[in-house]
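The values are calculated or read from the model by the stated rules, or taken from the named source; none is laboratory data. Every value quoted in this text rests on a predicted model; they were computed, and no experiment measured them. Cβ sites come from the backbone with ideal geometry, for glycine too, and all protein chains shown count toward neighbours.
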Amino acid sequence: MTRAPGPDRTPPLVPFVLLPLVVAMLLAAPGCSRLPRIVVLADPLSAGEHLDLGVAYERKGELDLAAREYERALRKDSGLVQARINLGNVRLAQKMYGDARREYLRALDVRPGDLDAENNLAWTAILSGEGIDGALQRLEAALAKATSRPPPVLDTLGVLRMRANRPDGAEAAFAEAEAACEALRSRKGGAGCAEGTLREIRDHRRELKDRFPGPSRTPSLVK
């Protein structure tokens, strides 16, 4: 069924010769002698508040919004290391490995030897498959200087060694990580090392055995 034509919604054009007159009338009208003043509102949130908001967005999986808040936090305080690490984590989750690496390195410029930043920097190498040997050297050096050896970082060390085809060193790291995690769980009622962390360490240890299977039986000794 054909519809009846509707009203023409195209606004009428002002003849060109009348435009100067119209403009003059508008400027002469009360209150129109000046252009409106543009008010720029200041950001009322502190760097810490932007950081907290970014964490809330990240937990909900809204990574773009989380990144925006971390960037706002860093504009207010470029030395806020946690915001820098968190922004790196978002970029890592988005598979933007170069951006993630840059944020972690910036965090380490502010706080050299920070194990969280070193650990996550190592994961950019693991997940991208690039720079494994360099990441391994960095993490081993960081752990050598650290006052503690957290299970998640030891687990990352084991994964790096596994990717670098160093199975013996990987097994040593995984064994240390698992023992340290179990000790923390028993001493702190399970709060010292999350169940997920322990499960991940054991999964990586099984992966190592699958990648580098040992001999099926004990070799005979030559007498």
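Odds and ends about this structure:
- Selection from segment 148-175 of residues that are within 27 Å of the chain's Cα centre (by Cα) and charged (D, E, K, R): ARG149, ASP155, ARG161, ARG163
- Segment 53-80 residues that are within 18 Å of ASP116 (Cα to Cα) and in the same structural domain as ARG91 (by TED's automatic domain parsing), paired with ones that are surrounded by fewer than 16 Cβ atoms within 10 Å (Cβ to Cβ) and modelled with pLDDT of 95 or more (beta carbon under 7 Å, 6 or more apart): GLY79/VAL110
- Residue satisfying all of: in segment 70-87; outside any loop (DSSP other than H, G, I, E, B) and of a type in the set (Gly, Ala, Ser); nearest to GLY98 (Cα to Cα) among these: ALA83
- Test: residue in segment 177-185 that is surrounded by 15 or more Cβ atoms within 10 Å (Cβ to Cβ), under 21 Å from GLN137 (Cβ atoms) and modelled with pLDDT of 95 or more: yes
- For first residues located in segment 101-113 and assigned to a loop (DSSP other than H, G, I, E, B) and at pLDDT below 95, partners that are loosely packed, with under 14 Cβ neighbours inside 10 Å and hydrophobic (A, V, I, L, M, F, W, C) and lie 6+ apart or on another chain with Cβ distances below 8 Å do not occur.
- Of residues in segment 194-211 being at pLDDT 95 or above and hydrophobic (A, V, I, L, M, F, W, C), the one surrounded by the most Cβ atoms within 10 Å (Cβ to Cβ): ILE201
- When each of GLY129, GLY98 is tested for being at pLDDT 95 or above and at positive phi, the lone residue that passes is GLY129.
- Of the criteria (1) at pLDDT 95 or above; (2) buried (at least 22 other Cβ atoms within 10 Å of the Cβ), which one PRO150 fails: (2)
- Considered as a group, the residues in segment 117-145 that are among the acidic types (Asp, Glu) and surrounded by fewer than 18 Cβ atoms within 10 Å (Cβ to Cβ) include one that is nearest to MET162 (Cα to Cα), and that residue is ASP133.
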